[in-house]
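Asks: Take a look at this one; I'll ask things after.
The values are calculated or read from the model by the stated rules, or taken from the named source; none is laboratory data. Nothing here was measured: the structure is a model prediction, and the numbers come from that model. Cβ: placed from backbone, ideal geometry, glycine included. Neighbour counts: every protein chain shown.
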Amino acid sequence: MSLLPVKDALERLLQGAVACEPETVPLAEAAGRILAEDVRALRTQPPFDAAAMDGYAVRAQDVETVPVTLQIIGEAPAGRRFNGQIGRSQAVRIFTGAPVPEGADTIVIQENARKLGQDTVEVLETVAAGRHIRRKGLDFVTGDLLLEKGRELDAGALSLVASANHPRLDVVKRPLLAIIATGDELLPPGSELGPDQIVASNAFGVAAIATSVGARVLDLGIVPDSRPAIAARIRQALDHDADVVVMLGGASVGDHDLTHEALVSEGMVLDFWKIAMRPGKPLMFGRRGRTRFLGLPGNPVASLVCSHLFLKPLLSRLAGRPFEPDLRQAVLGKPMAANGRRQDFVRAVLREGHDGPVATPFEVQDSSMLRTFAEANALIIRDPFAPAAPAGAPCTVLKLR
């Protein structure tokens, strides 16, 4: 099989991927979720003309000349209206949020008034009609479209729909990602390692990338290099209705590959398994029904780079989230040698220079080196057969964080 360009691989990976089905969740559990349906107001806000400040509800014509003394005929705290009517030279003590009494058309704020006794107040400054009153429906009225389908429910959106009296919302179900690590040499962090064993680290980074776009993660642990064992773990992922199954390691199709055989035995139809990229050439993709499978390289950096390039946009689409890679223009902070036939994704540090962003690649780019990946905040993207480039040459970078 010839090497597939990155762009073509991503198109095939995303083909037919649509948002998961909707589910209804309580408002308290909706933060960060994606709306599956438009949201309309179930009430009018405010539901009445309301005081915007603490003070006195009066008739504007009674305070055209000041100072003037008015009779206090009642009180209107928030949540309990004054049921009478304000007449000539009368006032009602009112508090923020309370309904404006009938007959009043303005609010004298308490800083501009002085109470003379139990039942009288002296108004010290004039105030125009309509001042400090929030009119009924100022924010929205019943039936107004408040939020459109596809909106992420952030703090403002949640507060808005709560004020519109929605106790629950229809949101896109979060896609489920099942992660399976393969390899006899792998043990979980904290283990006593034998002389030929290493710590399994890839799953933690892949899971972090998945949750950053709203996916749920089911870590199915480490499976030994055995075709029946791998097949059983794949069945376990399918039994959990995983939307995406990621296999860490075993993406190469070679003499010691067992993943390919196990997948085929479980009904998976493979689409491709060689990408023209570095790091990450052995990337495997297939499907069984609606479940998508990604075989990621065992090398840690290659696994994480492929997750940013392929898994992140796939899970975003399944979660109903718009996704665009954070591509930026910069200049090289160091010279780079000519590139080979694969598209290269080079770990780099992106900083703001005197004349704009500068991307400085790390000297060593071995795909096993997690330390440089953790220190990098960008990947310099180099096209196949790109010529040698001096420091200061323009480049395109993918911002990671």
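Asks: Can you name every residue in region 14-51 that is buried (at least 19 other Cβ atoms within 10 Å of the Cβ), of a type outside the set (S, T, N, Q) and not in a loop (DSSP other than H, G, I, E, B)?
Replies: Listed by number, the residues that qualify are Ile34, Leu35, Val39, Ala50, Ala51.
Asks: Of all the residues that make up region 278-301, how many are on the phi > 0 side of the Ramachandran plot and either surrounded by fewer than 20 Cβ atoms within 10 Å (Cβ to Cβ) or hydroxyl-bearing (Ser, Thr, Tyr) (or both)?
Replies: 1
Asks: Another question, then. Considering (1) touching a strand residue (DSSP E or B) at 6+ places or on another chain (Cβ under 7 Å); (2) crowded, with 19+ Cβ neighbours inside 10 Å; (3) closer than 30 Å to Ala178 by Cβ, say which one Leu350 fails and leave the rest.
Replies: Unmet condition: (3).
Asks: Report yes if Pro325 is of a type outside the set (Lys, Arg), surrounded by fewer than 21 Cβ atoms within 10 Å (Cβ to Cβ) and in contact with a His (Cβ under 9 Å, 6 or more places away or on another chain), otherwise no.
Replies: Yes.
Asks: Can you name every residue in region 115-139 that is assigned to a strand (DSSP E or B), at pLDDT 95 or above and surrounded by fewer than 16 Cβ atoms within 10 Å (Cβ to Cβ)?
Replies: Answer for region 115-139, where residues must be assigned to a strand (DSSP E or B), at pLDDT 95 or above and surrounded by fewer than 16 Cβ atoms within 10 Å (Cβ to Cβ): Thr120, Glu122.
Asks: For region 52-78: of the residues being outside any strand (DSSP E or B) and of a type in the set (Val, Ile, Thr), which is farthest from Gln110 (Cα to Cα)?
Replies: Of everything passing the filter in region 52-78, Thr65 is farthest from Gln110 (Cα to Cα).
Asks: Further question on the same structure: Which of (1) crowded, with 22+ Cβ neighbours inside 10 Å; (2) under 17 Å from Gly183 (Cβ atoms); (3) among the hydrophobic types (A, V, I, L, M, F, W, C) does Ile275 not meet, given it meets every other one?
Replies: Only one criterion is unmet by Ile275, namely (2).
Asks: Oh, and also: Considering (1) touching an Asp or Glu at 6+ places or on another chain (Cβ under 6 Å); (2) farther than 30 Å from Arg33 by Cα; (3) in a loop (DSSP other than H, G, I, E, B), say which one Pro195 fails and leave the rest.
Replies: Checking Pro195 against (1) touching an Asp or Glu at 6+ places or on another chain (Cβ under 6 Å); (2) farther than 30 Å from Arg33 by Cα; (3) in a loop (DSSP other than H, G, I, E, B), the one that fails is (1).
Asks: Considering Leu270, Leu258, which residue is surrounded by fewer than 24 Cβ atoms within 10 Å (Cβ to Cβ), more than 26 Å from Lys399 (Cβ to Cβ), at pLDDT 85 or above and of a type in the set (A, V, I, L, M, F, W, C)?
Replies: None of the other options fit; the residue is Leu270.
Asks: What are the residues in region 266-282 that are closer than 27 Å to Val346 by Cα, among the aliphatic types (A, V, I, L, M) and assigned to a strand (DSSP E or B), if any?
Replies: Filtering region 266-282 down to residues closer than 27 Å to Val346 by Cα leaves 271-282.
Filter once more, so that each one left must be among the aliphatic types (A, V, I, L, M): 275-277.
Listed by number, the residues that qualify are Ile275, Met277.
Asks: Name the one entry in Ala162, Ala210, Ala231 that is part of a helix (DSSP H, G or I), touching a helix residue (DSSP H, G or I) at 6+ places or on another chain (Cβ under 7 Å) and exposed (fewer than 15 other Cβ atoms within 10 Å of the Cβ). Give the steps one after another, and end with the answer.
Replies: Numbers: Ala210 fails: exposed (fewer than 15 other Cβ atoms within 10 Å of the Cβ); Ala231 fails: exposed (fewer than 15 other Cβ atoms within 10 Å of the Cβ).
Within the list Ala162, Ala210, Ala231, the selection yields Ala162.
Asks: So which residues in region 77-101 are surrounded by 13 or more Cβ atoms within 10 Å (Cβ to Cβ) and among the charged types (D, E, K, R)?
Replies: Correct list: Arg81, Arg93.
Asks: Out of (1) at pLDDT 95 or above; (2) small (Gly, Ala, Ser); (3) buried (at least 18 other Cβ atoms within 10 Å of the Cβ), the odd one out for Ala338 is which?
Replies: (3)
Asks: Looking at region 193-203, can you tell me whether even one residue there is charged (D, E, K, R), over 15 Å from Met284 (Cβ atoms) and buried (at least 17 other Cβ atoms within 10 Å of the Cβ)?
Replies: There is no residue in region 193-203 that is charged (D, E, K, R), over 15 Å from Met284 (Cβ atoms) and buried (at least 17 other Cβ atoms within 10 Å of the Cβ).
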